[in-house]
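Data block below; observations after.
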Amino acid sequence: MQVLDYNEIKGWDVKEIDAKILENRKAVFEFKMEKGIKRGSSTALEKPHGLKVAKKNIAKLLTARNAKGE
């Protein structure tokens, strides 16, 4: 999961933003499921920062979509 730049996102159209929002929401779900499954075991998440990055990306994407007024 890579960090998205808001200035780059502003140039995207609404369909592209919506697709990325969906992709990041799925990533958040998968991270939460993986965290829940590994809760009882001694192994931790492979990339624990990925959940935080995905949530921040969703916030940036929603901000850009709302700025477009659609």
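Calculate what fraction, in whole %, of the accessible area of the chain sits on carbon and sulfur atoms when a 1.4 Å probe is rolled over the protein chains.
C and S fraction of accessible area: 54 percent.
Probe radius 1.4 Å, ligands and nucleic acids left out: which of 23, 46 has the largest accessible area, and how do the rest follow?
Result of the area sort, largest leading: 46, 23.
So what is the calculated 222 nm ellipticity per residue for the chain, using -39500 (n - 2.57) for each DSSP H run with n of 4 or more, over all residues, to the nearest 500 deg cm²/dmol?
Calculated from helices alone, the mean residue ellipticity at 222 nm is -22500 deg cm²/dmol.
Just reorder 65, 25 by solvent-accessible area, largest first, 1.4 Å probe, all chains present.
The residues order as 25, 65, largest area first.
What pairs in 15/35; 15/52; 10/52 have C-alpha atoms more than 26 Å from each other?
Going by Cα-Cα distance, 15/35 fall outside the 26 Å limit.
For semi-axes √(5λ) of the Cα gyration tensor in Å, which listed value, (1) 27, 15, 10; (2) 29, 11, 8; (3) 35, 15, 11, comes from the coordinates shown?
Step by step, semi-axes √(5λ) of the Cα gyration tensor in Å for this structure corresponds to label (2).
For the chain, what does the accessible surface come to per residue with a 1.4 Å probe? Please give it in Å².
Solvent-accessible surface per residue comes out at 74 Å².
Placing unit charges on C-beta atoms (Lys and Arg positive, Asp and Glu negative, everything else neutral), compute the dipole magnitude of the chain about its Cα centre in debye, rounded to 20.
Magnitude of the dipole: close to 360 debye.
The values are calculated or read from the model by the stated rules, or taken from the named source; none is laboratory data. In this text the structure is predicted, and so the values were computed from the model without any measurement. With ideal geometry, Cβ positions are generated from the backbone for all residues, glycine too; neighbour counts draw on all protein chains shown. SASA here: full protein model, heavy atoms, side chains in, ligands and nucleic acids out. Shrake-Rupley method; radii C 1.70, N 1.55, O 1.52, S 1.80 Å.
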